[in-house]
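Written out below as structure tokens is the structure these notes cover.
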Amino acid sequence: MDVKSLTCKPETINLKRTIQSSKKKKPRTGIQCCSLKQDLQGQSVAVIGLGKSGRAAARLALARGASVVAIDQNQSLPPLEQDPVFKKVNGNGLTTVLGHFDTELLENVDAVVVSPGVPIENYGLSRLLGSGKQVMSELDFAAEVISRSVKILAVTGTNGKSTVVTFAGQMLDHLGIEAFVGGNLGNPLSEAALQCFQMPSSKSRFQVAVVEVSSYQMEISNKFFCPSVAVVLNLTPDHLERHKSMRNYALTKCRVLSHMTNTKLGLLPFGNQHLDEAIKGREFNLAWIGTFPGVKIDMAAKTANFEVPAIGLSSQLQLGAMKAIGTHNYHNAAVAALSVLGLDIGVDVEALNSAIEILKPPPHRMQIVHKDIHGITWVDDSKATNVEAAYAGLMGLEGQKCVVLLGGVAKVLNGQDSNGFEQLIQPLNHHRCVITFGSSGMMIHNTLVDNGLKIPCIGAAIMMEAVNHARKIAKYGDAIVLSPGCASFDEFRNFEHRGMIFQELAFSSSYCSPTSDLA
């Protein structure tokens, strides 16, 4: 494979009065800048899935002049018409459909915008795509109207993407460069497009959009989303219940590189067979994470060395001022820095050196939340929703004795006999104790014990019980680390909810006196 460049070719209801027939639609043209408004006047858009992304897309469609049918299978949601954000909208322009609906409705709209939480197997979306109907991701719908002058930095991967996006945003902010930071991170790209609409026609609000991209957002091929720099951080088994195979997962992730040319920079991990196969036949400036051309980390010297001849880069970044805990965050910072340099916006390594000490990971990623009166540090790594993320967190705690909490709902590993937790035994053996909990807790316990775990392993039913055990076991100077390696849905709404409850329990520990059960 040529490492210099790899060619990218590129509830049933009668709503006919509120939507325009596809026979009456006006021809659509690519929008060149944010200042072009009402480009969808007279057209109808269905938005499927009314979480953050779907709601933002509905607002954007209305701002562009379309009539909108907002659809969600959750019948308990309040209709958008009752939301204060949407109340200013003309009632004839917005209709909410909750629960069951006649999929013929989607045949009669001009475009369908799909939220990332909605698989394309649902609602006949795959068939619509095959028929030529305009079916778009929320990401692509937003990108269509974002100014071409805005440089897009897109980051995907199984683990670490939120941290890299956050670090890149913090670097840009530190250097005084206006940037939108969002995407799958929690602030949909449609929000950036809406903010662009509020600016005078001659201006763009942002110079850069730093966008976290999930594989779900890439299931539908994009036409307008074209990053200047695209990063695939890593690829390990995850979301296989939706993507079915690692090959499909890799191909989906690598759609973030679609439409890139040899003026763009793509950054990938070196030596991943699935990704190597997925990028064959694409052409862009390729750099590697882990070798040259690309970035290599020297942990002993705490430096990141950049060698990317295609963009004229040969520099060294000093990482010694990092305050974020975990060795994996040195890698996250280095990748964020190289990504920012690849945007070609006048930033050099010397400027980025000054930003290293201000970097702070997003919540629930190896976040030190409390140091209690008993000398115990509480670390929230609730975002570690798979084994590889938990492994990265544990490897970053070298020299620190920990009580580690593992549990929740273990991820599906298609075609594998193992649940993967045996990978954690080597780093865990350097710590004080493991406590497993949740619906997969017993399975995790058995895997660790049967495969040679040398430290005590205690089972608990729920996380609160696991925390109570940890309080009794931890000694002065230890850390109690929630790095579950599992999804949270057996006990919590999401990983954020799990992390918040852990943090509440951490602060309540100040009033408890630990009495160690273990030597």
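Among Leu106, Gln273, Leu319, pick out the residue whose Cα is farthest towards the positive end of the charge dipole of the chain, where Lys and Arg carry +1 and Asp and Glu carry -1 on C-beta, about the Cα centre.
Selected residue: Leu106.
Report, in whole Å, the centroid distance computed from the Cα atoms of region 40-93 and region 99-160.
One Cα centre to the other: 15 Å.
Take the solvent-accessible surface of the protein heavy atoms, probe 1.4 Å, and return the percent of it on the chain that carbon and sulfur atoms account for. Please list the in-between numbers first.
Numbers: 10960 of 21740 Å².
C and S atoms contribute 50 percent here.
Please work out which option in (1) 27.9, 91; (2) 22.1, 69; (3) 24.1, 77 gives Rg and Dmax of the Cα atoms in Å calculated from these coordinates, and answer with its label.
Calculated Rg and Dmax of the Cα atoms in Å: the matching label is (3).
Based on the mean of other beta carbon atoms within 10 Å per residue, what is the order of 342-354, 141-153, most packed first?
My ranking of the peptides, most packed first, is 141-153, 342-354.
Order the following by accessible area, largest value first: Thr166, Thr261. Probe radius 1.4 Å; ligands, DNA and RNA are ignored.
Ranked from most to least accessible, the order is Thr261, Thr166.
Hey, got the Cα dimensions of region 103-214 along the principal axes, in Å, largest first?
50, 38, 17
Using the Cα centre as the reference, give the magnitude of the dipole from point charges on the C-beta atoms of region 86-185 (Lys, Arg: +1; Asp, Glu: -1; all else neutral), rounded to the nearest 20 debye. Intermediate values should be presented prior to the final figure.
On the way: 7 positive and 10 negative charges, 52 e Å.
The calculated dipole for region 86-185 is roughly 240 debye.
Any idea of the accessible area per residue across the chain, 1.4 Å probe, to the nearest Å²?
Spelled out: the 1.4 Å probe surface of the chain, per residue, equals 42 Å².
Hey, got a sec? Which chymotrypsin sites (Phe, Trp or Tyr not before Pro) in region 452-511 land in a DSSP loop and have at most 13 other Cβ atoms within 10 Å?
Here the chymotrypsin sites (Phe, Trp or Tyr not before Pro) that fit, given the DSSP loop and packing criteria, are Tyr476.
Among 298-307, 327-336, how do they line up from the highest to the lowest mean number of other beta-carbon atoms within 10 Å?
For the peptides 298-307, 327-336, the packing ranking is 327-336, 298-307.
For a quick protection proxy, order the peptides 167-180, 126-139 by their average other-Cβ count within 10 Å, most packed first.
167-180, 126-139
Quick one: dipole size for region 403-483, taken about the Cα centre, charges +1 on Lys/Arg Cβ and -1 on Asp/Glu Cβ, in debye to the nearest 20.
Details: 6 positive and 5 negative charges, 65 e Å.
Charge dipole, region 403-483, about its Cα centre: 320 debye, nearest 20.
Which order do Arg55, Arg365 take by accessible area at a 1.4 Å probe, largest first?
From most accessible down to least: Arg55, Arg365.
Restricting the count to DSSP beta bridges whose residues both fall in the chain, what percent are antiparallel, rounded to a multiple of 5?
Approximately 25 percent, going by the DSSP bridge assignments.
Give the residue from Val409, Leu77, Ala168 lying farthest towards the positive end of the charge dipole for the chain; charges sit on Cβ (+1 for Lys and Arg, -1 for Asp and Glu) and the dipole is referred to the Cα centre.
Of the candidates, Leu77 comes out farthest on the positive side.
Let me spell out the model: positive unit charges on the Cβ of Lys and Arg, negative unit charges on the Cβ of Asp and Glu, origin at the Cα centre of the chain. What dipole size does that give, in debye rounded to 20?
1320
The values are calculated or read from the model by the stated rules, or taken from the named source; none is laboratory data. Here the structure is a predicted model, which is why all the values come from computation and not from measurement. Virtual Cβ from ideal backbone geometry, glycine too; neighbours counted across all protein chains shown. The accessibility values were calculated without ligands, DNA or RNA, using every heavy atom of the protein model including side chains. Shrake-Rupley method; radii C 1.70, N 1.55, O 1.52, S 1.80 Å.
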